[in-house]
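Inspection log for the structure reproduced underneath, given as structure tokens.
Derivation of every value follows stated rules applied to the coordinates shown; laboratory data play no part. Since we're looking at a predicted model, the values are computed, not measured. All Cβ positions, glycine included, derive from the backbone under ideal geometry; neighbour counts span all protein chains shown.
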Amino acid sequence: MRKIESGSALNLRIRPARKEDLAGLLALESICFKEETFNKRQLEYLLLKAKSLVLVVPAEDNKDNIIGSMVILLREHIAHARVYSLNVHPLYRRRSIGSSLMDSALGFLKDRGFKKITLETGMNNTAALSLYEAKGFSVDRILRGYYKNGGDAFHLVKNL
Ligand SMILES: CC(C)(COP(=O)(O)OP(=O)(O)OC[C@H]1O[C@@H](n2cnc3c(N)ncnc32)[C@H](O)[C@@H]1OP(=O)(O)O)[C@@H](O)C(=O)NCCC(=O)NCCS
């Protein structure tokens, strides 16, 4: 259990996802994103088959509810990790959950010798960009028309 300081106090527990978390992960995806969400088949693949790190934060009152998640694809042969998603339920934002998920992931990756982590995020996603910059990521290029709706993205990188 970890007590977090900012916002209302939460007993934040971050753990690797299990197959029973699939429904909770899908529900959180659909709340956080209207477009560009993972479907069940994709999430199932990322959770059960891919070389990945999937972290979840269960709700304190109902452990089946997932209030935060992070999906990272691991390319071990090149020591490179790619963040596929980072989601925090809207009711729990600005309480350091996103930040704690990222810290856990960075610790895991460093311990296993990963050298680089990359991600993409919408150019107007102020919340995500602030978090990533605070964690030491920097923009290395712009991806024009990256999203299905034609929106542009920043590609960010952090050396570990
Ligand atoms: C981006 C997201 C994961 C942040 O999660 P969170 O738990 O609210 O973030 P934290 O409370 O850990 O915030 C950490 C830091 O990020 C920055 N930040 C977070 N939300 C912010 C906002 N709305 N505006 C500006 N800065 C913000 C701040 O620097 C913050 O530190 P502070 O609270 O000490 O000022 C969350 O807003 C979210 O799930 N958004 C929808 C999904 C999404 O866009 N994911 C990223 C896709 S690439």
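So here's what we get for this one:
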| quantity | calculated |
| --- | --- |
| Residues that are of a type in the set (S, T, Y) and either within 9 Å of the ligand (Cβ to nearest atom) or exposed (fewer than 12 other Cβ atoms within 10 Å of the Cβ) (or both), drawn from the range 116-138 | T121, T126, S130, Y132, S138 |
| Yes/no for N62 being within 12 Å of the ligand (Cβ to nearest atom) and without any contact (Cβ under 8 Å) to a residue 12 or more places away in the chain | no |
| Of residues in the range 80-98 being over 16 Å from T126 (Cα atoms) and more than 6 Å from the ligand (Cβ to nearest atom), the one surrounded by the fewest Cβ atoms within 10 Å (Cβ to Cβ) | L91 |
| S69 outside any strand (DSSP E or B), within 16 Å of the ligand (Cβ to nearest atom) and of a type outside the set (K, R) | no |
| Residue match in the range 69-77 (condition: more than 14 Å from the chain's Cα centre (by Cα) and crowded, with 20+ Cβ neighbours inside 10 Å) | no |
| Residues (exposed (fewer than 11 other Cβ atoms within 10 Å of the Cβ) and free of Cβ contacts under 8 Å to residues at least 60 places away in the same chain) located in the range 142-156 | R144, G145, G150 |
